């Protein structure tokens, strides 16, 4: 290939890339040095070229930042002054982004080379699609599904679609679903319009809340089965006690309901929700798990003491919502996922 031909080909490639919408990938990290090499290498090898990768470091105390500076000099590092969790950390990173798309990523993943390309392709195909997520397989068992979407019940509790099933192609269709914060591509303007993640959440249910609000203003959230990554599964959360995780989960779920449901839906749903919650608390006392009982008590108390800020956020989303709860609830499980888990415990299939 002569110099003129090579220059012409390079110009064509440059023009093609300039027509691709710019995407910023935010990799959230907290003391995740051991995961970063595999994660960032897979992101540097993406087939989608009009993209930058930023490491959002949540005040790590290991040598994560120093490692990335030496090993991945092309990756920008943004350091937070504190560990703000997934919600606060991603919001902190998003404030440094001006691209059309933001891709939120966990650090314990390995991405297929076409991950970003496939998600951009899907989200660009329909102006009503604001969020796209990927099919996640187990990092150490790559024929086993870790996640193929979330589905909520009427009480805001999530069920993971396809979890631990063998990947036989059953979920290889583009479907409307709730995304995971492990891999969430979103239109930046939509993210900003709904107010981003809820900073008070720290972690758990923050992506469920975001997707709920995005749907309320008339946009779709989908999963692309051709965008694939491999996930080590909640390695950062393992440092926390189960009771702490239970507190965050219940606290954030209650706030999700209070913010996102209409008044009439709350009148119908909340009494049943608290009946289930009282039953769950009684069950924890029965099996002498006072730590789990107190986690729920603290979750309820937190929501009582934060009603003012919750109401402020509720007014904002209810003011701009376009979709009724009747439509929202069509995609929800009508029963209680918690009762299903209790049934699993009775059969010996679930452990606290």
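Structure notes:
- Answer residue from the stretch 177-197, given it is modelled with pLDDT under 95 and not in a loop (DSSP other than H, G, I, E, B) and is nearest to residue 125 (Cα to Cα) among those: 178
- Across the stretch 198-212, the number of residues qualifying as farther than 21 Å from residue 320 by Cα and assigned to a loop (DSSP other than H, G, I, E, B) comes to 4.
- Checking the stated criteria, residue 93 turns out not to satisfy the condition of being in the same structural domain as residue 200 (by TED's automatic domain parsing), assigned to a strand (DSSP E or B), at pLDDT 95 or above and closer than 16 Å to residue 182 by Cβ.
- For residue 291, the conditions (1) within 20 Å of residue 156 (Cα to Cα); (2) part of a helix (DSSP H, G or I) all hold with the exception of (1).
- When residues of the stretch 136-146 are limited to those that are surrounded by 13 or more Cβ atoms within 10 Å (Cβ to Cβ) and free of Cβ contacts under 8 Å to residues at least 60 places away in the same chain, the one nearest to the chain's Cα centre (by Cα): 145
- Among the residues of the stretch 300-352, those identified as over 18 Å from residue 266 (Cα atoms), touching a helix residue (DSSP H, G or I) at 6+ places or on another chain (Cβ under 8 Å) and modelled with pLDDT under 95 are 338, 339, 342, 350, 351, 352.
- Residue in the stretch 101-111 that is farther than 24 Å from residue 199 by Cβ, in contact with a strand residue (DSSP E or B) (Cβ under 6 Å, 6 or more places away or on another chain) and in a loop (DSSP other than H, G, I, E, B) present: no
- Test: residue in the stretch 35-54 that is farther than 23 Å from residue 180 by Cα and either surrounded by 17 or more Cβ atoms within 10 Å (Cβ to Cβ) or touching a helix residue (DSSP H, G or I) at 6+ places or on another chain (Cβ under 9 Å) (or both): yes
- The stretch 187-202, residues that are surrounded by 22 or more Cβ atoms within 10 Å (Cβ to Cβ) and closer than 21 Å to residue 251 by Cα: 194, 197, 198, 201
- Boolean, residue 133 is in the same structural domain as residue 183 (by TED's automatic domain parsing), touching a residue at least 12 places away in the same chain (Cβ under 8 Å) and in a loop (DSSP other than H, G, I, E, B): no
- Tabulated pairs, the stretch 273-296, first without any contact (Cβ under 8 Å) to a residue 12 or more places away in the chain, second surrounded by 15 or more Cβ atoms within 10 Å (Cβ to Cβ), C-beta under 7 angstrom, 6+ apart or interchain: 285/293
The values are calculated or read from the model by the stated rules, or taken from the named source; none is laboratory data. What you see is a predicted model; the values in this text were computed from it and never measured. A quick note on method: Cβ atoms are made from the backbone with ideal geometry, for glycine too, and the neighbour counts reach across all protein chains shown.
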